[in-house]
Amino acid sequence: MWRSSNRWAQDQYERLPDLAADLVRRQVTVIAAHDTPSAIVFKAATTTIPIVFAGGGDPVKFGLVASLSRPAGNVTGVTFVVAELGAKQLGLSHELQPGAVRVGVLVDPNYPLTESYVSDVQAAASSIRKQIAVLEAPTGRDIDTVFANLVRKPIDALLVGPGSPLYNRRVQVITLATYHRVPAIYSWREAAEVGGLMSYGTSLSDAYRQAGVYTGRKLARV
């Protein structure tokens with residue numbers, strides 16, 4: 001008999017430990033984690049319930065699995081390593097607009113992989129003489145504020161970082177970037193599909209679909 005229950009942290013990552021503990025208490029059959037941070041929390045909460053994740057971080061680096069070919073333990077899933085693509089995205093932005101000097105990096109400061117993403121971008125920027133402006137936007141209102149402030153402190157190009165909050169608000173970001181005439185590169189294919197200038201990254205919807213297939217296989221074995 002399957003035991004299932006849905007939980008959503010509403011992009012508030014500090015809520016994840018309590019939600020994970022609740023799912024473990026309910027003895028659910030499988031835990032499907034929608035990103036790397038939640039998978040890390042779920043793994044810490046249980047070593048017996050199977051966990052299937054779809055995440056943008058390196059699962060080996062973050063200790064989720066032993067290796068990509070042989071995950072071992074109770075965790076498996078799909079990774080699209082979007083958090084490690086910042087340097088490549090900056091390089092593509094430079095090819096598109098080599099004269100750009102000040103490049104904005106729009107991020108959600110609460111997303112656990114933001115720090116490593118920004119660090120990679122800053123390291124790459126120094127080699128091609130770019131100035132990086134980190135633009136923090138944890139909420140939709142903050143996104144509006146960030147773009148409004150570009151009137152006073154303009155940027156030549158924009159990188160939009162990883163994380164569910166920004167992904168979920170991609171139409172808002174794309175609309176504002178277009179309005180302010182800021183050439184932007186995004187971390188997911190879906191951004192280009194809804195009008196974004198360019199993207200470098202996987203399709204999150206395809207990744208989640210594949211994670212659903214893995215979850216179904218786990219359930220079939222119960």
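The values are calculated or read from the model by the stated rules, or taken from the named source; none is laboratory data. All of these numbers come straight from a predicted model, not from anything done at the bench. Reconstructed Cβ throughout: ideal geometry from the backbone, glycine too, with neighbour counts over all protein chains shown.
Numerical summary
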{"read-out": "Residue match in the stretch 1-23 (condition: at pLDDT 85 or above and assigned to a loop (DSSP other than H, G, I, E, B))", "value": "no"}
{"read-out": "Any chance residue 167 is part of a helix (DSSP H, G or I), among the aromatic types (Phe, Trp, Tyr) and crowded, with 17+ Cβ neighbours inside 10 Å", "value": "yes"}
{"read-out": "Some residue of the stretch 43-64 being of a type in the set (Gly, Ala, Ser), at pLDDT 85 or above, in the same structural domain as residue 211 (by TED's automatic domain parsing) and assigned to a loop (DSSP other than H, G, I, E, B)", "value": "yes"}
{"read-out": "Residue list for the stretch 181-196, restricted to those being more than 15 Å from residue 82 (Cα to Cα) and not in a helix (DSSP H, G or I)", "value": "181, 182, 183, 184, 194, 195, 196"}
{"read-out": "Single unsatisfied condition, residue 78 versus (1) in contact with a helix residue (DSSP H, G or I) (Cβ under 6 Å, 6 or more places away or on another chain); (2) loosely packed, with under 13 Cβ neighbours inside 10 Å", "value": "(2)"}
{"read-out": "Breaking point among (1) farther than 18 Å from residue 37 by Cβ; (2) among the polar types (S, T, N, Q); (3) modelled with pLDDT under 95, for residue 164", "value": "(1)"}
{"read-out": "Qualifying position, being part of a helix (DSSP H, G or I), within 29 Å of residue 209 (Cα to Cα), modelled with pLDDT under 90 and not assigned by TED's automatic domain parsing to the domain that holds residue 212, among 38, 116", "value": "116"}
{"read-out": "Index of the failed condition, residue 174 passing every other in (1) within 20 Å of the chain's Cα centre (by Cα); (2) within 22 Å of residue 98 (Cβ to Cβ); (3) modelled with pLDDT of 95 or more; (4) not polar (S, T, N, Q)", "value": "(2)"}
